[in-house]
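Let me begin by presenting the structure, written as structure tokens, before commenting on it.
The values are calculated or read from the model by the stated rules, or taken from the named source; none is laboratory data. Nothing here was measured: the structure is a model prediction, and the numbers come from that model. Note: ideal-geometry Cβ built from the backbone for every residue, glycine included; neighbour counts use all protein chains shown. Note: areas computed on protein heavy atoms with side chains; ligands, DNA, RNA excluded. Shrake-Rupley method; radii C 1.70, N 1.55, O 1.52, S 1.80 Å.
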Amino acid sequence: MSIYIDTLINGILIGLIYSLAAMGLALIWGVLKVINLSHGAFITLGMFFAYLVFKYFHIPPYISVFLALIVGFILGFISYFIALHRIVSKAKSFKEYELSSLLSTFSLSLIITGILLFIFATTPMAINLPLSLFQTKLLASIFSIIFTVALGLFLYKTYLGKAIRAVSQNIDAAKLMGINTTLVLAISFALGIALAMGAGNLIAMVFPFSSLSGASYELKSFIICVIGGLGNPIGTIIGGILLGLLENFFGLFFNQGFVPFIEFTILILLLLFKPKGLFGGSK
Amino acid sequence: MAILEVKNLKAYYDEVQILWGVNFKVEKGSLTTILGPNGAGKTTTLKAIMGLLDKVEGEIIFEGENIKNLPPYKRVERGLVLVPEGRMIFPELTVLENLEIGAYTSKARKFAKKNLEHVFELFPRLKERIHQKAGTLSGGEQQMLAIGRGIMACPKLLILDEPSLGLAPKLVLSIFEIIKKLKEEGITLLLVEQNVHLALNIADYGYILENGKIVDEGDAKKLENDPKVLEAYLGI
């Protein structure tokens, strides 16, 4: 019996970490209507950030995660103006940049992954902390909860957060309220990237990784967003926990190698039968 | 003194020219109205004034300065505020959040508390629904919210685009009562309307816009009896 309880707890903890990663993707979609294909690359970057900071400065990931958020925010802010601003700001509706934003975020991903491959090849890496696996999972999931709550408070309690939500609902009306929408879009993208790097940083504490690890977490983020409905934060958390549970319980009975197969199957089934997510979502 | 002066305004949607040199003025403290049939370019004129269009030529002088090249948010910061056609409220935000966002500029934030009380005085219905999502409001309530949001912005010039559109006749009258009240409080107003008689009834000065040009102007009382005005509206 205890193995099931173990699996349940592990599933929830991992799910919370996944949901933090997915939150960044959901935020960028919700506000910019851009499917950020560089999401996984920034998760990987977060992992290597944790690794390097630990290796050279002996700062453990549960502290360097705050640095990762800051660095992620800065990189995201710059990336917005390099990769997205020109196509997003000229468009009359987001339908006009659906394709071009995929291309530009994909090229961002290629650049980041290329640099990581050049420096680190695909050597597997891990961060050895004097903590048990369970302790690292617990720590990482607690951080996930804290960041999720902080994001929620920011979006619902501050002027800037409300402005971000206003922009996501009607960008022209937001302009008429005196909101600098370009700045709000850049900040939203930066926050999404910060969350991706922060999540990567936390994941690196729990699992081994390589330059190519981000892709599988990007896929998980997509599935979570589809389960939860893109742009629905509560749905994202529930989606994350569902995926975490599913993976862990599945691993009890079958080979772990089947997990991506199952994930893809879920993604396709959801897109076929519940394209708005199990919990609705804004669109 | 004119608070807003528009000179030879031309505007385009892609390659199509919509405005062909529009000229008009809004005097400080007045209620000016722009009337015209569907498709005359009324909303386009307002979008051009607010900076929402890509291709605009001419001069838009607000308080003595040409603001033609400023981004929309800077125009709002200066006190140029539009209550847009179709209300454009934020449906997933609550009534209160919509009003707070109305007071987004740093100047408006300082007066947010006072203005909020004022909005609730004008529209007690909104106070009853303060924590309701704006998307669940009726059309009339949404229009009240849109006007309330405009008041929250501390406007020096409040522009109303078709505030009576799609409302029941009784509601139209109450919205016009509110506009009259705002005028009595000393807010400078620019009202764009299809409801000619109601608009001229409360306005000081009026312009007739047709096919992207001003074809007639004058005191509201004079325009009410002008055959050209009748023609513009019978010719729809």
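State, in square angstrom and to the nearest 100, the accessible area buried between chains A and B, both chains counted, probe radius 1.4 Å. Protein heavy atoms only, the A-B interface buries about 2200 Å². When only Cα pairs below 8 angstrom with a gap of at least 6 residues are kept, region A:2-217 shows a relative contact order of 47 percent.
Considering only B:THR105, B:ALA11, B:LEU209, the residue lying farthest towards the positive end of the dipole of chain B is B:THR105, judged by Cα position with unit charges set on Cβ. In region A:166-208, the residues that give up 20 Å² or more of accessible area when the other protein chains are added, compared with the chain on its own (1.4 Å probe), are A:ALA166, A:GLN169, A:ASN170, A:ASP172, A:ALA173, A:LYS175, A:LEU176, A:MET177, A:GLY178, A:ILE179, A:ASN180. For region B:88-104, heavy-atom accessible area (probe 1.4 Å) falls by no less than 30 Å² from the chain alone to the full protein assembly at B:MET88, B:PHE90, B:GLU92, B:LEU93, B:GLU97, B:GLU100, B:ILE101, B:TYR104. Taking Cα atoms only, the orientation of helix A:159-169 departs from the longest principal axis of chain A by about 80 degrees.
Would you work out which of A:ASN201, A:GLY257, A:GLY228 lies farthest towards the positive end of the dipole of region A:155-283? Charges go on Cβ: Lys and Arg +1, Asp and Glu -1. Of the listed residues, the answer is A:GLY228. If you add up the charges near A:ILE223, with Lys and Arg at +1 and Asp and Glu at -1, over every other residue whose beta carbon is less than 12 angstrom from its beta carbon, what do you get? My count for the surroundings of A:ILE223 gives -2. Applied to region A:17-30, the Karplus parametrisation 6.51 cos²θ - 1.76 cosθ + 1.60 on θ = phi - 60° returns per-residue 3J(HN,Hα) values of 5, 4, 5, 5, 4, 5, 4, x, 5, 5, 5, 5, 4, x Hz, with x for Gly and Pro. Close amide H contacts of B:THR188 (hydrogens built in the peptide plane, cut-off under 5 Å, sequence separation of 5 or more or a different chain): B:GLY29, B:LEU158. Relative to the longest principal axis of the Cα atoms of chain A, the long axis of helix A:259-273 lies at roughly 40 degrees.
This model, with +1 at the C-beta of Lys and Arg and -1 at the C-beta of Asp and Glu, gives the protein assembly as shown a dipole about its Cα centre of some 780 debye.
Averaging over all projection directions, the Cα-based convex hull of the protein assembly as shown occupies 27.7 nm² in the image plane. When only the Cβ of Lys, Arg, Asp and Glu is charged (+1, +1, -1, -1), the dipole of region A:2-217 relative to its Cα centre reaches about 480 debye.
Shown here for region B:1-106: GluC sites (Glu not before Pro) in loop regions (DSSP other than H, G, I, E, B) with at most 14 other Cβ atoms within 10 Å, namely B:GLU15.
Based on protein heavy atoms only, chain A ends up with 45 Å² per residue of surface accessible to a 1.4 Å probe.
For the pair region B:43-121 and region B:175-227, the centres of their Cα atoms are 21 angstrom apart. Residues considered: B:PRO169, B:PRO37, B:PRO155. Largest GNM mean-square fluctuation over chain B, using C-alpha springs under 10 Å, is found at B:PRO169. Model label sites at A:ILE82 and A:THR122, defined 7 Å from Cα along the beta-carbon direction, differ in position by 2.5 nm. Carbon and sulfur atoms: what percent of the 1.4 Å accessible area of region A:2-217 do they account for? With neighbouring chains kept in place, the figure for region A:2-217 is 74 percent. Each listed q (0.16, 0.18, 0.20 Å⁻¹) maps to a log10 I(q)/I(0) for region A:140-253, found by the Debye formula over equal Cα scatterers with no solvent: -0.86, -1.04, -1.21.
The distance linking region A:117-163 with region A:16-73 is 7 Å (Cα centroid to Cα centroid, whole angstrom). Projecting the Cα positions of A:GLY76, A:ILE28, A:LEU176 onto the charge dipole of chain A (unit charges on Cβ atoms of Lys, Arg, Asp and Glu, taken about the Cα centre) puts A:LEU176 furthest along the positive direction. For the listed residue pairs B:LYS10/B:LYS127; B:LYS47/B:LYS114; B:LYS10/B:LYS74; A:LYS95/B:LYS25; B:LYS42/B:LYS170, the alpha carbons are over 32 angstrom apart in B:LYS10/B:LYS127; A:LYS95/B:LYS25.
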